[in-house]
Structures are given as C-alpha cells and as structure tokens.
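First the structure, in the form of structure tokens, and then the observations on it.
Derivation of every value follows stated rules applied to the coordinates shown; laboratory data play no part. Because the structure is a prediction, the values reported are computed rather than measured. Because the Cβ atoms are built from the backbone with ideal geometry, glycine has one as well, and the counts that use them run over all protein chains shown.
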C-alpha cells in the first residue's frame, strides 16, 4: 500500500491517478492517519493555480477538514484510548469507561465534518476496547494469561524491573450481573440507547453483546455491525450533561457528615440533647432553689470547672455540694447504725 508521501507525489504529477490519490489522502485524514503537515502539503497541491481545476471535486472536503485548524483533523479512536492492559479490575470498568469518555468526547465526536453514522461508529469503537478488556477480566482469561507468562524480566527506566500490576479475581455470577447493570446505566448516560444498528437493534443491545462476547470471532462479528444515530439533534453528540452526571455521581459517592464536638466553649450552632436547655437563660436560672436532684453533685462539680463563673455562683455551688455531702454522710451513719443493732 502506498504511503502518504507517495500519494502526495502522485498528486503533484497531475496524472490520471492524482484525483484518486487526493481522495485516498482525505479518507485517511478523516481516520486520523494523516498528519497536519501532510494535510497542509495536500492543500498546497489542491490550491495551486496549475492543478486546482483537477482537484475541484475534493477542494470543498479538504476545506472542511482544515476549517478548524489542526484540531479539525479526525483523530483515530485508538489514539484516544488508554492502555487497556493496565486496567486490572472488571468491577471498576463501567465507571472508568464513562469517566474516560467524558474526557475525550470533544475529540472523539464533536468534529464539524462528521456524519451521524461516523460519530455512532466511533463511539461504539471506543466502548469496544473496554468491553473486550471487561470480558477478559470477568472470565479470568487475562488472569490465566498473566499467570502463564510469569513475571517479566524486562528492564524499565533507570534499570528498574517492570512488574505488571496484580489483576483482581474474576467475577462471580452475581458480581457479573451487577457489573452489567452498571454498564447499562453508563451506556444510557452516554447516549447508546439512541444508536441504531443496520439490523434494527439499539446501541445498548449491541454493546451488551460486546460485553458478553465469548470468543474473538464473536467480538469481531459484533464490531463489524454498522451503526447510525438518527435521534441525535443537529448532527450532535450524545447527551451534553454527561460530564455533569459523572461529577454528580462522584459527589454522591462521598458521604460527608457533620462533626459535632461536645462541651466546646463558644461552639456555634451545636444543639444539646434536648430543647429544654436551649430555652433556659444562662446564670442563676440554672439553680434548683436548693431542691436536690439525682444529678446535683455532678452539676455542682461541672459548675466549679468553668473559669467564667462569678463568686455568687461558686458560693451557691459550694453550698449545694455541702448539703449533698451532709445528706450522704447522714445516710451512711444510719446504715452503719442499723447494721450494728442487727
């Protein structure tokens, strides 16, 4: 197959294959296989005075690609994907897919020159990489392959050994159903319910088949399905609130509870165990008019602990403490007398 440089040289000759070479370069550019420098060279040839008539059929398409500068060139889906071999736990993949899609959605789908069908197929191709990794981790295929390969001896940066990350255990039947349910929610937020396959299935059904593909042949068969997105308005991408949904889900995952510190002087907005203490005014109103209660001794000691009490309050507290001590001493004396007479 001719390289991009060979095709550009064929365009410059202006022969019979010049237009076909230009069309092939534009097709590769839409797939992200043409650099910006190469596309600029194509533009120079197409707009040259001596050859512009020969390339009139592709001039408008080239202009659409260049209308947004370097960012207008389609990036290949593979260049937007993470290294899926570093994903170690099938349980975390639904949320990981949704978060990654949020980050790259602009480059993946929001190109002015894309058709609805191209956007739908790029979205499914992006998801297929996560589905393939999920199937391997969930069924234990990746774990078995890592165990069979053993620890690698390759040297990493500065001579350090590169040790692969430990893979989580395969999913049980119950865990698999929970993970598939979370994938359904993530795919719905991403707009897969609006995709339509050429056989009439929805994008959710195709995506579920990808997740459950048991063999590489079945995976290739599903990935070959042609998709469209007739429900997307104004040739747009999926739901614009996707990033908001992800942020809200992460916020709800964090359970924040207020911390109340008891007996902290000057702490505002901290209520006690009941409404009665709030209604009582401070100071002398807390006295019991020398009527003894079950917590009298504790209350007196608690009052003595404060540094901001006046002398009158301290005297009252001492009086109450003395009364309580006298009553306690009398009660002990009576009990001792009863024991002696008996």
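The slack between residue 172 and residue 146, meaning 0.36 nm per residue of separation minus the straight C-alpha distance, is 7.4 nm. Distance from the Cα centroid of the range 203-222 to that of the range 168-194 is 14 Å (rounded to whole angstrom). The packing ranking, built from the mean of other Cβ atoms within 10 Å per residue, places the peptides 5-14, 121-130 in the order 121-130, 5-14, highest first.
Quote the Stokes-Einstein diffusion coefficient, in whole µm² s⁻¹, for the range 4-72, based on the Kirkwood radius over alpha carbon pairs, a temperature of 20 °C and a viscosity of 1.002 mPa s. Before the final figure, lay out each step's value.
Numbers: Rh = 11.7 Å.
Roughly 184 µm²/s, to the nearest whole number.
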